[in-house]
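Peer 1: Take this structure first; my questions come after.
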Amino acid sequence: GENVEQHPSTLSVQEGDSAVIKCTYSDSASNYFPWYKQELGKGPQLIIDIRSNVGEKKDQRIAVTLNKTAKHFSLHITETQPEDSAVYFCAASKDSSASKIIFGSGTRLSIRP
Amino acid sequence: DAEITQSPRHKITETGRQVTLACHQTWNHNNMFWYRQDLGHGLRLIHYSYGVQDTNKGEVSDGYSVSRSNTEDLPLTLESAASSQTSVYFCASSTSGGAGEQYFGPGTRLTVT
């Protein structure tokens, strides 16, 4: 089955700097790669996703890149702000499994003022 | 507004007791999921359902069961609670038809003593 590995497990960056979180997946049939943000005491919430027919997607300060050959995808957050502090999860899925998503182990991002 | 709710939010129970965690969504989603979240493991899928009367085992289903008698509810039952089942449990739902965003509930923190 699918296996998703996520690095680093913790990340601390200065406010205003960029943060990068990296993930790899094992199943070459996976074609949907969402990123979820989890704030303290809440459930995860989708922040951005990418499908395998594109290599990059941006939404304001957030961008995701996908390298299907290497089975690698990344989350980039620019101009980090205090409200970006949270746990971030990458995940992988395939349409043929009807929405079943396999999550990475999470990255705790802290923004230093 | 549509939402997904979980109850109770916190539960303490004793080893060997049967426990049921409730999940209710008003999105009218066909797909519903139960995850457990443990430090270092991210979110692991317990059981999932693609519609009424449909249930499927996830990667960590031993000791858990679910039933789907209507679209809105997917209760999770721990048949005989064990200390290893101390965790935070999240319910989620999504529309049918391929991989897509999952909407998560606020979570239930379960402690088995």
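Peer 1: For the subset of the stretch B:10-49 comprising residues that are over 30 Å from A:P8 (Cα atoms) and basic (K, R), which member is surrounded by the most Cβ atoms within 10 Å (Cβ to Cβ)?
Peer 2: Ranking the qualifying residues of the stretch B:10-49, first place goes to B:K11.
Peer 1: Next question. Of the residues in the stretch A:32-79, how many are of a type in the set (K, R) and more than 30 Å from B:P106 (Cβ to Cβ)?
Peer 2: The number of residues fulfilling the criteria is 2.
Peer 1: Which of the residues belonging to the stretch A:53-76 are of a type in the set (K, R) and assigned to a strand (DSSP E or B)? Spell out the reasoning first.
Peer 2: Quick first cut of the stretch A:53-76, residues of a type in the set (K, R) only: A:57-58, A:61, A:68, A:71.
Result: A:K57, A:K58.
Peer 1: What number of residues within the stretch B:2-52 satisfy the criterion of being farther than 21 Å from B:G100 by Cβ and modelled with pLDDT under 95?
Peer 2: Of the residues in the stretch B:2-52, 4 are farther than 21 Å from B:G100 by Cβ and modelled with pLDDT under 95.
Peer 1: What's the total number of residues in the stretch B:68-83 that are polar (S, T, N, Q) and either crowded, with 21+ Cβ neighbours inside 10 Å or in contact with a strand residue (DSSP E or B) (Cβ under 8 Å, 6 or more places away or on another chain) (or both)? Quick ask: steps written out before the conclusion?
Peer 2: Here is the first cut: in the stretch B:68-83, the residues polar (S, T, N, Q) are B:69-71, B:77, B:80, B:83.
Those left that are additionally either crowded, with 21+ Cβ neighbours inside 10 Å or in contact with a strand residue (DSSP E or B) (Cβ under 8 Å, 6 or more places away or on another chain) (or both): B:71, B:77, B:83.
Going through the stretch B:68-83 one residue at a time, the tally reaches 3.
Peer 1: Can you go through A:V13, A:V87 and tell me which one is in a strand (DSSP E or B) and closer than 23 Å to B:S87 by Cβ?
Peer 2: Result of the check over A:V13, A:V87: A:V87.
To keep it simple, each residue is scored yes or no on (1) free of Cβ contacts under 8 Å to residues at least 60 places away in the same chain; (2) among the aliphatic types (A, V, I, L, M).
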residue: A:H7; (1), (2): no, no
residue: A:Y25; (1), (2): no, no
residue: A:Y32; (1), (2): no, no
residue: A:K58; (1), (2): yes, no
residue: A:A70; (1), (2): yes, yes
residue: A:A86; (1), (2): yes, yes
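Peer 1: Something else: Name the residues in the stretch B:49-94 that are in contact (Cβ under 8 Å) with a residue 60 or more places away in the chain, assigned to a strand (DSSP E or B) and of a type outside the set (A, V, I, L, M), would you?
Peer 2: Residues satisfying the conditions are B:Y89, B:F90, B:C91, B:S93, B:S94.
Peer 1: Quick check on B:S65: is it more than 24 Å from A:E5 (Cα to Cα) and either surrounded by 22 or more Cβ atoms within 10 Å (Cβ to Cβ) or more than 10 Å from chain A (Cβ to nearest Cβ) (or both)?
Peer 2: Values: more than 24 Å from A:E5 (Cα to Cα): yes; either surrounded by 22 or more Cβ atoms within 10 Å (Cβ to Cβ) or more than 10 Å from chain A (Cβ to nearest Cβ) (or both): yes.
Here the answer is yes, as B:S65 does meet what is asked.
Peer 1: If I filter the stretch A:38-65 down to residues being more than 11 Å from chain B (Cβ to nearest Cβ) and surrounded by 20 or more Cβ atoms within 10 Å (Cβ to Cβ), which single residue comes out as farthest from A:V87 (Cα to Cα)?
Peer 2: A:I50
Peer 1: Would it be correct to say that A:R108 is within 14 Å of another protein chain (Cβ to nearest Cβ), surrounded by fewer than 18 Cβ atoms within 10 Å (Cβ to Cβ) and not hydrophobic (A, V, I, L, M, F, W, C)?
Peer 2: The answer is yes for A:R108.
Peer 1: So, in the stretch B:90-99, of the ones that are facing chain A (nearest Cβ under 8 Å) and crowded, with 19+ Cβ neighbours inside 10 Å, which residue ends up nearest to B:Q37 (Cα to Cα)?
Peer 2: B:F90
The values are calculated or read from the model by the stated rules, or taken from the named source; none is laboratory data. On a predicted model such as this, the values are computed, not experimentally measured, just so you know. Positions of Cβ are backbone-derived with ideal geometry, glycine not excepted, and every protein chain shown enters the neighbour counts.
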